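Read through the structure below, which is laid out as structure tokens, and then see the notes.
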Amino acid sequence: MRVRPGVRVRPGAVVARVPAPALFVGSGLAQYLGAAIAIGLFAQVSAAGIAWLRLAVAALVLLAWRRPWRLTWTRASLRAAVLFGVVLATMNVSFYLAIEHLPLGTAVAIEFLGPVAVAALTGAGWRERVGIALAAVGVVLLAGVTLAVGEGDVVVGLVAILAAATCWAGYILLGRRVAAGPDGVSSLAVAMTVGALLFSPLAGQGGAVYRSPGLALAVVGVAVLSSVIPYALEQGILRRVSAATFAVLLALLPATAAVVGAVVLRQWPHPLEAVGLLLVSGAIALTSQRRRPSADQGTTAPPPAP
């Protein structure tokens, strides 16, 4: 891209030119690197403590970056940001609690019920409905679902992950409303702050982090990689695609994890996982094809504000 001398290029304008699936892959890479750091912290800090610290640090980073108090807020936009924050924080805390009691793959697959419901209810045509079906099967195959019903804590895990799935559906629908505003990332900063305040009673569970600079730095890494980068990117994506298409694109997250595992760790996918990758790829290709304007009418968000 050529730039005339003296012309400043906004980062948002550059991001807007990147295909949505490519942005999702970048988001997934950041999230899984953050998750890898978080897993290393679980031996010293509870999952609930890590979940709250992730929210709090991400809120501080976003507030310092966007300074949302400089904007003029309407009652409706502030209410949307607050509700978005409640859903976003509950989704994160519920997921962290769930993976204390369920295998990670099982939790990922069950949580995907949220995006499936969104696509099924809001899909405007056969492409989105078929796409979400392919994506759902692909996610199940990639996740490697296992469930030992005899374990005592499995009920706690199931309740937590179903709550996370419900909140993930709300995240998509409310996120589109927030993203359609004049500054979605500033609204995200407010939302993350609300979420951190809502779950502030969990702050006491991060005890070891407050005494160790090394742990504190690791938490900052988790917050930036798992919250700030992916959620900011998703605000840009939510402006450009329908809720149903966004739900299908979410299947790229476990697919990205499988590809990273193969390339970096030489953990080659099993035959069923390879089928899952093909199904997810097919779902993305199906829903990424351009439709006629009439098919999209009323389903896509307005173009980014200048």
> What would the Debye formula give as log10 I(q)/I(0) at q = 0.14 Å⁻¹ for the alpha-carbon point model of the stretch 24-144, no solvent?
Replying inline: -0.84
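Compute the length gained on full extension between Val18 and Leu121: take 0.36 nm times their separation in residues and subtract their Cα-Cα distance, giving the result in nm to one decimal.
In short, 34.3 nm is gained.
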> In vacuo Debye scattering of the stretch 39-108, one point per C-alpha: log10 I(q)/I(0) at q = 0.15, 0.26 Å⁻¹?
Replying inline: -0.63, -1.19
> Over the heavy atoms of Asp153, what accessible area does a 1.4 Å probe trace out, to the nearest 10 Å²?
Replying inline: 90
>> Can you report the principal axis dimensions of the stretch 76-212 using only the alpha carbons, biggest first, rounded to whole angstrom?
In response: 42, 37, 23
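The values are calculated or read from the model by the stated rules, or taken from the named source; none is laboratory data. The structure displayed is predicted, hence computed values, not measured ones. Calculation scope for accessible area: heavy atoms of the full protein, side chains included, ligands and nucleic acids excluded. Shrake-Rupley method; radii C 1.70, N 1.55, O 1.52, S 1.80 Å.
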